[in-house]
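For reference, the structure is listed below as structure tokens.
The values are calculated or read from the model by the stated rules, or taken from the named source; none is laboratory data. Everything numeric here is computed off the predicted structure, so don't read it as measured data. Cβ placement follows ideal geometry from the backbone for every residue including glycine, while neighbour counts extend to all protein chains displayed. Heads up: the accessible areas ignore ligands, DNA and RNA and are worked out on the full protein's heavy atoms, side chains in. Shrake-Rupley method; radii C 1.70, N 1.55, O 1.52, S 1.80 Å.
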Protein chains: 2
Amino acid sequence: MVYSTLSPPLDLSHHFSSVTKRREASETKSLYKYFFIPGIANLAGGLPNASYFPYDTLEATVAHPRRFPATSDKDQIKPPSGSPSTERRIVPKESPTTNLLKKIDLTTALQYGTAEGLPVMADFIRQFTRNHLHPNVPYAGGPNTLLTCGATDGFSKAIETFTNPWDPRRDWISQREGILCEEFVYMNAIQTVKPRGLNIVPVAIDAQGMLAHGKGGLADVLENWDFRKGRLPHLMYTITIGQNPTGGTLSVERRREIYALCRQFDIIIIEDDPYWNLQYPSATAMEAGFRGSDAVDVIPRNYNAHGRSSGYDFLDSLVPSYLSVDTDGRVVRLDTFSKTIAPGCRLGWITAQPAVIERLTRLTETSTQQPSGFVQAMVAELIVGQQSEDGQNAAGASKNKSRKSEQAWQMDGWVRWLEGLRAGYEQRMQTMCTILEEGKYLIDSDSAWDDAPQPMADDENAWEVLDKMQMYEFSWPTGGMFVWVKVCIETHPLLEKYGSERLIQALWLHLMQKPYLCLSGPGTMFAPTQELLGRAQGYYRLCFAAMPAEDVSGITRRLVDGFRAFWQRKNLDGLDDEEVALSRLQAKGSGNLLGLGC
Amino acid sequence: MVYSTLSPPLDLSHHFSSVTKRREASETKSLYKYFFIPGIANLAGGLPNASYFPYDTLEATVAHPRRFPATSDKDQIKPPSGSPSTERRIVPKESPTTNLLKKIDLTTALQYGTAEGLPVMADFIRQFTRNHLHPNVPYAGGPNTLLTCGATDGFSKAIETFTNPWDPRRDWISQREGILCEEFVYMNAIQTVKPRGLNIVPVAIDAQGMLAHGKGGLADVLENWDFRKGRLPHLMYTITIGQNPTGGTLSVERRREIYALCRQFDIIIIEDDPYWNLQYPSATAMEAGFRGSDAVDVIPRNYNAHGRSSGYDFLDSLVPSYLSVDTDGRVVRLDTFSKTIAPGCRLGWITAQPAVIERLTRLTETSTQQPSGFVQAMVAELIVGQQSEDGQNAAGASKNKSRKSEQAWQMDGWVRWLEGLRAGYEQRMQTMCTILEEGKYLIDSDSAWDDAPQPMADDENAWEVLDKMQMYEFSWPTGGMFVWVKVCIETHPLLEKYGSERLIQALWLHLMQKPYLCLSGPGTMFAPTQELLGRAQGYYRLCFAAMPAEDVSGITRRLVDGFRAFWQRKNLDGLDDEEVALSRLQAKGSGNLLGLGC
């Protein structure tokens, strides 16, 4: 995209919080220019001496970028058989290069740096973002990027940048700011904004994501805003690809509609996109295949066909970010390495118009400063690698073939790695959804799972009379890590006796019993407001990502078995008290307490 | 210290900001207990699959803890000659131990975790802090700790926890909160609080640090508080050891006086202590030796003589934290690995009473989550190391001597490493201060530096007539990384012609000229308020830490030469325009732009 033919992004500084407006650049920056006087002794800084860092090298054994197969047909090039499946990476104490954009060494990475981050890492992110991930951002100059300590840190900083806290005991209701979000939402985001007193404003969704129009859709919410609740929301928080928890992916058409409304009502879009590379083109087709409906959007499309290509078929085939329609520069996008490398990186980045990145940089200077040099160096070494002065990958330029395995992934390897991950998670999604799809009905007392003599069709026991009872429903996730399952509790034979709320809670405990042993994510964990708790209660979020591929089938079968058995129960004995149920399950604190992730 | 005989810390929740008060624990935590059901399939979490992390091992070559000599006489045990000066560390993909407090592996460190951090790292910090660094915190139960992404992150979180932003266009002056600080102060702290609209309230200092009593001291400021400026400050920001920029260290006696005032006026003390292990007992004695005065506090004291010992002579000899007098639990202390391992760690911790740590943990959950697993794993591997189930260091327990070099530092090695760093920086401090001390007077036109014929004593040129002109004055720093030098510009022969302000600015440029080539830190970088800019202008901060030990002498001599030459100048030709001066210095952006540090 020729940025110069485009209009510059809008000045959106009226959205900055009062704290954000008052941030000043450090005066000490004015000293930087003197650092480059040849031979100058820098007595002005406050750096410890690098010879006192106790690390002489950092090293790693890492994966070849083709460790995992990709779904792409064109991907014929496998690692040659006999070649090592791992590679060595070494971050030296000091690199000979004087070019900071190529320098990966401990003397630089473990020393103080600027909020922009390790230059080689920041530069890689900037190139990847501007040239490959979002090659068609429609404003002059294009977006800028800033490293973060992961997307949660990025969101926290975006909220600090764009919102003033509101305290009912101190402020007027007319000062209360608000944030739009999907009806079901990643709760950590809500827990970030709620203590600030922000008005949390859910927008109705369908299987794709947020609705632009219709009842409860964005236009409806904004056009009928009740100002007695506070100001018209000026922010939106959204996950548009593999939405958490619903697994939906917003089409480009829907993005255009919602963006138009955000322009009309002057709303900043905070797009959280941790699963952008985990898009599953097969989901729609397989769902249609099972259900006998017409598949929409079966063939992977080239989303950049009318703009600049990303340079990679894989990236071109992905539904693009809101940034691709962001003529105003009102999109603030959060990225993370948590799902592409590892959550423990605590490394991500924000993409937005330069004026927003500038404010975020000031905030970073007085908070996290920059991500840990350990992760920056190790990720830079993994992807960018040591380079010679002329820009060649050091090992690649070497004639010594035995050193070939030290060649870094570079952009090609990085994109190939992403495609391999997509394939791995897509496989899990297909396995889980196929079994869920095949098992969603309880048919004729379920002879397949029950060796007992078949009841007569006119048997009066309610759980045996129905031909085909649907126990749950779901959409195949077009991205992400989750299946969002709605429990059809209204078909349960004991509905009248126990009521839906008690049944749902009992089902959740029942599924944890032997032999099912399935802990599913209660839908209430994803309700952004009290009002939505009731509806959310009818859902479970199932994560297919964490388990080994070979376990998905068995675990999902156990879950389906659990559903069947629950629909065949005659009472809820033993499922009344969570504590009692838990104690019977003999839970002991012995495993890895790793947190819930996202 | 027997914590049970002490009173519990005070409830200081009235100091929490309105946002802090409203933070809620994640409901998803209630699911943790189910994770431990034997054989449970966790479909509720949102973890990526650890097999997709591209790192199979992380490794490092690290220093032996005795790499640098210590000043301690008792320290006779040097690394045996011929033994390797480096050691290898390997963080495996998966550790066999089931004890999370001993587990250092990539499957854990690179996965999602809780805000408490990697258990083995968090546990080490807790043990070190409670048992060794602060063995005598005088409230029941003692303090708790929380990992941070360095002290700047820790300060930012403390400020978020204890202050409400104030906006003059929206709020009453009576709502404005304030923070006390030293007259000269680390500017990054000011830049953290200023945008929040806090009232920045400097307290007068002497060579030690903040004054409790006397003009401009803490009592004076608080007792004569002008409420038209806002609320009485309820926070204090202070660096009490090797203060930045002054190098002062606050005595225990002064701490008691200030703490008593903080109790009286209900003030939270945020103690930033990045240089706590860099205390220089030699400074006072050497300064007294040069100046013919009585040395005070020459002999290192055992500060824990009347309480529990830290277990290490070195730690016992250090001036203790405000925590050692914190009966109320009103001290929030910030620590960092920036000066003890490396700034690029972005790893530190907060120590405070448990109720404060709990609120900080909630904030961490929705911001940084936890420090990068890369740095946590590498630092844990450096200090704690792989341990067998029975608590032995894995390599140490091994009979195989060839593996001996894989033994981790453990607590003894860590403390020894700190002592070695202290010795290295103390040596630099002594070298710089000796040369500064010897060169602070310009004597009789300075024949030693001037081979020109000696002028007559009655020569009318002002710069040659004085016998002994003092060009600057300073106190020897008792800790930290800096010498805070006051320029005696009033002795300059050209004072009347140019005025002090212009002379000071010209001197700063002059010192950057060849052959002096010294960039010193302008005092104005450390003035917390506009009112203090004028006074601060007369100071330079000189960092002796960053340069190699063998360069300190030469660079300091160049600086002193520069002073002498400046006092001998007849005009300020060529020093009027900073830009012109800079261009003549041929500054080119080719070096490492690492930021200024602290």
* Within chain A, what's the longest run with no GluC sites (Glu not before Pro) in a DSSP loop and at most 13 other beta-carbon atoms within 10 Å? Give the range, please. => A:95-388
* Structure fact -> For region A:184-289, listing trypsin sites (Lys or Arg not before Pro) in a DSSP loop whose Cβ sees at most 16 other Cβ atoms within 10 Å gives A:Lys215, A:Arg231
* Structure fact -> Row for region A:237-366, column shape: gyration tensor on C-alpha, a ≥ b ≥ c, rounded if a/c < 1.5 i.e. under 1.5, prolate if a/b over b/c, else oblate; value prolate
* Asked: Taking Cα pairs under 8 Å and at least six residues apart, what relative contact order does region B:85-154 come out at, in percent?
  -> 22
* Asked: Quick one: if you take sqrt(5λ) for each eigenvalue of the C-alpha gyration tensor of region A:425-584, what semi-axes come out, biggest first, whole angstrom?
  -> 25, 20, 15
* Quickly estimate the mean residue ellipticity at 222 nm for chain B, helices only: each DSSP H run with n ≥ 4 gives -39500 (n - 2.57), and the total goes over all residues, rounded to 500. => -8500 deg cm²/dmol
* Translational diffusion coefficient, Stokes-Einstein: compute it for region B:145-279 using the Kirkwood radius over C-alpha pairs as Rh, at 10 °C and 1.306 mPa s, and state it as an integer in µm² s⁻¹. => 104
* Working from Cα positions, state the angle (0 to 90°, nearest 10) between the long axis of helix A:252-264 and the longest principal axis of chain A. => 70
* To do: Report, for A:Arg169, each distance to the same residue's label point in the other copies, shortest first and in nm; define the point 7 Å along Cα→Cβ.
  => 2.7
* To do: Quick one: with label points 7 Å out along Cα→Cβ, list the inter-copy distances for A:Thr5 in nm, shortest first?
  => 8.3
* Structure fact -> In chain A the DSSP beta bridges are antiparallel at a rate, in percent to nearest 5, of 65
* Asked: Can you pull the accessible area of B:Trp567 for me, 1.4 Å probe, Å² to the nearest 10?
  -> 0
* Inter-chain Cβ neighbour average for residues B:333-342, partner chain, 10 Å -> 4
* What percent do you get for the relative contact order of chain A when only Cα pairs under 8 Å and 6+ apart count? -> 17
* Structure fact -> Ordering B:Met378, A:Met286 by the accessible surface of their heavy atoms, 1.4 Å probe, largest first, yields A:Met286, B:Met378
* To do: Would you mind computing the Rg to Rh ratio of the protein assembly as shown from its alpha-carbon coordinates, Kirkwood style for Rh?
  => 0.99
* List, in the order given, every pair from A:Lys29/B:Lys570; A:Lys93/B:Lys440; A:Lys33/A:Lys102; A:Lys468/A:Lys497 whose Cα-Cα distance in the structure shown is over 28 Å. => A:Lys29/B:Lys570; A:Lys93/B:Lys440
* Asked: Averaged over A:192-199, how many beta carbons belonging to a partner chain fall within 10 Å of each residue's beta carbon?
  -> 4
* To do: Post the alpha-carbon centroid distance, region A:143-222 to region B:27-73, in whole angstrom.
  => 32
* **Area accessible to solvent at B:Leu533, 1.4 Å probe radius, in Å²** => 60
* Structure fact -> Sorted by accessible surface (1.4 Å probe, heavy atoms of the protein chains only), largest first, B:Thr366, B:Thr431 come out as B:Thr431, B:Thr366
* Structure fact -> If labels are modelled 7 Å from Cα along the Cβ direction, B:Lys21 lies from its partners in the other copies at nm distances, smallest first, of 2.6
* State the dimensionless ratio Rg/Rh of chain B (Rg: radius of gyration of Cα atoms; Rh: Kirkwood radius). => 1.00
* To the nearest 10 degrees, how steep is helix A:410-438 against the longest Cα principal axis of chain A, on a 0 to 90 scale? -> 10
* Expressed as an acute angle from 0 to 90° and rounded to the nearest 10, what is the orientation of the C-alpha long axis of helix B:282-291 relative to the principal long axis of chain B? -> 10
